[in-house]
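Report on the structure given below.
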Amino acid sequence: EVQLVESGGGLVQAGGSLRLSCAASGFTFDDVAIGWFRQAPGKEREGVSCITSSGGRTYYSDSVKGRFTISRDNAKEKVYLQMNSLKPEDTAVYHCAVDSLARFSLNPRTYEYWGQGTQVTVSS
């Protein structure tokens, strides 16, 4: 059974930081790419960041570049998203997802498996 469980969301003031975690199971972790996505009320799902199976390459959307950092620990089968200098427009439900074919994309249609999401709220 494939499972992805996000944690680490919460309420912070603008300029603050959060670290999201994604715990994965049910597949060969170091064979897949992992992505982080977010969706705010009334908006389409947005690709935030992704990381290759080895962790050697990362990619970020323009809206978070320079503020967010994705990383993975294959031994622990976890992926992290360090979010610094948070802005109110970062408020959303954040999901991690698995691309079993390791295609390395921020297109959500690329991803087969999704976690339940964790809420991030940034106050102004």
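Taking only pairs six or more apart or across chains, which ones have beta-carbon atoms under 9 Å, a first residue in the range 96-108 that is among the hydrophobic types (A, V, I, L, M, F, W, C) and modelled with pLDDT under 85, and a second residue that is part of a loop (DSSP other than H, G, I, E, B) and open to solvent by 40 Å² or more (accessible area, probe 1.4 Å)?
Close Cβ pairs satisfying both conditions: Phe104/Arg57.
So for the range 67-85 (the condition being farther than 21 Å from Leu4 by Cβ and open to solvent by 70 Å² or more (accessible area, probe 1.4 Å)), does at least one residue qualify? Walk me through it before giving the result.
Taking the range 67-85 as the starting set, the residues that turn out to be farther than 21 Å from Leu4 by Cβ are 67, 84-85.
Next, from what is left, pick out any that are open to solvent by 70 Å² or more (accessible area, probe 1.4 Å): none.
Within the range 67-85, not a single residue is farther than 21 Å from Leu4 by Cβ and open to solvent by 70 Å² or more (accessible area, probe 1.4 Å).
Of the residues Ala40, Ala14, which single one is touching a helix residue (DSSP H, G or I) at 6+ places or on another chain (Cβ under 7 Å), modelled with pLDDT of 95 or more and within 19 Å of Gln119 (Cα to Cα)?
None of the other options fit; the residue is Ala14.
Output the residues belonging to the range 67-90 that are touching a Lys or Arg at 6+ places or on another chain (Cβ under 6 Å) and closer than 17 Å to Ala102 by Cβ.
Val79
Hey, can you tell me all the residues within the range 92-122 that are open to solvent by less than 40 Å² (accessible area, probe 1.4 Å) and more than 25 Å from Glu1 (Cα to Cα)?
The answer is Ala92, Val120, Val122.
I need the full set of residues from the range 25-66 which are in contact with a Lys or Arg (Cβ under 7 Å, 6 or more places away or on another chain), under 14 Å from Arg103 (Cα atoms) and buried (at least 17 other Cβ atoms within 10 Å of the Cβ), in order please.
Listed by number, the residues that qualify are Ala33, Ile34, Ile51.
The values are calculated or read from the model by the stated rules, or taken from the named source; none is laboratory data. Source: prediction; values computed, not measured. Heads up, the Cβs are rebuilt from the backbone with ideal geometry, glycines too, and the neighbour counts pull from every protein chain shown. Surface areas here come from the heavy atoms of the whole protein model, side chains and all, with no ligands, DNA or RNA. Shrake-Rupley method; radii C 1.70, N 1.55, O 1.52, S 1.80 Å.
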